[in-house]
Structures are given as C-alpha cells and as structure tokens.
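These notes are about the structure you will find just below.
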Amino acid sequence: MVECIFCKIVNGEISTLKVYEDSLNIAFLDVNPSSLGHTIIIPKKHYQKLEEMPENEAKELFLVIFKLAKIVPKIVETTDYNIGINDGKLAGQEIPHLQFHIIPRFEGDKGLPIQSLVKIEVKREDLPQLAEKIKKEIENSAIFKEGKKVKSEDIKSEEESEDKKPKKSAERDWQEFNFEKQDKAPDFSDARKGY
Ligand SMILES: [Zn+2]
C-alpha cells in the first residue's frame, strides 16, 4: 500500500492538474499555490531526497525543470521565477517525495529571494577553509568522475572590473571577499580520461 500522496498522484489514485508527463517524471499545478503558475515537478519513482536518485534520472528531471521554466512563467505573463526544493525536514519538506517547485514572480508580490529563507551567522574568515574542505572532498569522491574547474582567473577579472554604478549589498559582499587567497580548484582532467 502506497501512503505517499505524490505516489498516489503518480498512480492516478488522486487526480491533479497535470501539465506534463513522460516515462520518468510528471509536473502538475500546486493545489495550494504560492503564486499564479506555481508548478511541482516530481520523479515518478519514490525518492525522498535528491541524492537518492540515480544520476541519469536526475539529469532527466533537471531537463524537465529547465524546459518548464521556459514555458510556465511565459504563460502567466511574467519573466521571473524562483526554482526551489525543500530537501529534508529541516528544509521544510512536508511530503516525503522529492519535489521541485517553479514559482513565478510578479512585480510587488512581496516575496523574498531564496537566500532569505535562512540566515545563520557565519564568519567570513572561516569560508576559505570551508571551500578547501569541499574541494578536497570533491577530489576524493567518486561522485565527480567529471568535474568542472573553478577558474580563479574568472573570479579575479570580475573583481577588477570597474563599475561606477552603486552596488547592491550582495554584489558588494562578493567584491569585498578576497578570492585570491584560494588555492587552485581540483583538476579533473585525469579522471575525465578514464570516464
Ligand atoms: Zn512518493
């Protein structure tokens, strides 16, 4: 017996306003929308969290989200939207079946950006060490058979670009942060050969 509401939607036991379906995924309008056009995209198989998915199925799911993001906002006559996932209870996941949300945004909708969901005090000086730990884990992990290098040069050239316009605070934060102290990101070219 399937108890998961989204699995029941997949099985047709509960009707829904389905807008898309393929062999792996379906998308439907949220019954309790945050915004006009609020759309939920789920894999048909029951996974609670993103990391439970096989990589090939995750790719297909992301492709559906990518394509729907071109269509849904347009239909509700806006250009902007948030894409979100509540992955786990601490992140606010209510139904334990992996789900992506596309939430169209409108002028004066009083909504906030996704990074305003949580604000934990983090010391900026601790960040380089954290970045280093993540890079090391990526280097040692089998997950990244094929990695993308973080180009330090790209970050530097953005930092150096002179812009006379007043900066918003988030832009200023990025500019003030000294990325040059970072070591090089891991190089996956060898791993790629064997892939
Ligand atoms: Zn389910």
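Just so it is clear, none of the values below were taken in a lab; they were calculated from the coordinates. Everything numeric here is computed off the predicted structure, so don't read it as measured data. Cβ coordinates were reconstructed from backbone atoms using ideal geometry, including for glycine residues, and neighbour counts include every protein chain displayed.
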- Task: Find how much the distance from Glu94 to Lys70 grows on full extension, using 0.36 nm per residue of separation minus their present alpha carbon separation; answer in nm with one decimal.
- Result: 6.0 nm
- Taking R0 as 30 Å and r as the Cβ-Cβ distance between Glu3 and Phe62, the FRET efficiency 1/(1 + (r/R0)^6), rounded to the nearest 0.05, comes to 0.65
- Query: Mind ordering 61-71, 133-143 by average Cβ neighbours within 10 Å, highest first?
  - Reply: 61-71, 133-143
- Message: What is the distance in Å between the Cα centroid of region 105-126 and that of region 1-37?
- Response: 28 Å
- Item | Over 17 Å [Cα-Cα, region 104-144], rounded percent | 60 percent
- Item | Chain lengthening between Glu176 and Leu50 when straightened (0.36 nm per residue, less Cα-Cα) | 42.0 nm
- Distance in nm between Ser15 and Leu112 label points, each 7 Å along Cα→Cβ, equals 3.8 nm
- Note on the structure: Volume per residue (Å³) of the convex hull spanned by the alpha carbons of region 1-126 is 143 Å³
